[in-house]
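I have placed the structure first, in the form of structure tokens, so that the comments after it can refer back to it.
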Amino acid sequence: MAISEQDIRKVALLARLELTPEETRLMATQLSRVLEYMELLGSVDTEGVEPLAHAVEVTNVLREDCVAPSLPRESALANAPHRDEECYRVPAVLGEG
């Protein structure tokens, strides 16, 4: 399937891209090759092949979530530039309702 330079100019306009005539010709050639390859992939017999989310086995690399004692409040607030007895103090970001 060939894509025309007119199609490239239309897509470039929608994407707000400014392409030179040389870039337009290059994009038309490259995108046509991509579409040809997609057509080739579409002709492959996939009957009986289970769909995959990933081509390789993916495993979670996070550690096991386990309960542990939390940081004491005084240690957590030790380096806060502004604080009171129990919380961080930050400037208000929402105006009065």
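The values are calculated or read from the model by the stated rules, or taken from the named source; none is laboratory data. Keep in mind it's a predicted model, so treat the numbers as computed, not measured. FYI the Cβ positions are ideal-geometry reconstructions off the backbone, even for glycines, and counts take in every protein chain you see.
Things to note:
- Qualifying position, being in a helix (DSSP H, G or I), loosely packed, with under 10 Cβ neighbours inside 10 Å and within 29 Å of the chain's Cα centre (by Cα), among L40, L35, L26: L40
- Residues of segment 1-21 that are hydrophobic (A, V, I, L, M, F, W, C), more than 24 Å from the chain's Cα centre (by Cα) and more than 26 Å from G42 (Cα to Cα): L19 alone.
- Residue in segment 45-53 that is in a helix (DSSP H, G or I) and either surrounded by 13 or more Cβ atoms within 10 Å (Cβ to Cβ) or under 24 Å from the mean Cα position of the chain (by Cα) (or both) present: no
- Hey, T59 at pLDDT below 90, surrounded by fewer than 10 Cβ atoms within 10 Å (Cβ to Cβ) and of a type in the set (V, I, T) or not: yes
- Screening S75 against (1) assigned to a helix (DSSP H, G or I); (2) surrounded by fewer than 10 Cβ atoms within 10 Å (Cβ to Cβ); (3) within 30 Å of the chain's Cα centre (by Cα); (4) not hydrophobic (A, V, I, L, M, F, W, C) leaves a single unmet condition, (3).
- Taken over segment 1-23, the residue count meeting the criterion of being surrounded by 13 or more Cβ atoms within 10 Å (Cβ to Cβ) and touching a residue at least 12 places away in the same chain (Cβ under 8 Å) is 6.
- Of the residues A28, A15, A68, the single one that is in contact with a helix residue (DSSP H, G or I) (Cβ under 9 Å, 6 or more places away or on another chain) and among the small types (G, A, S) is A28.
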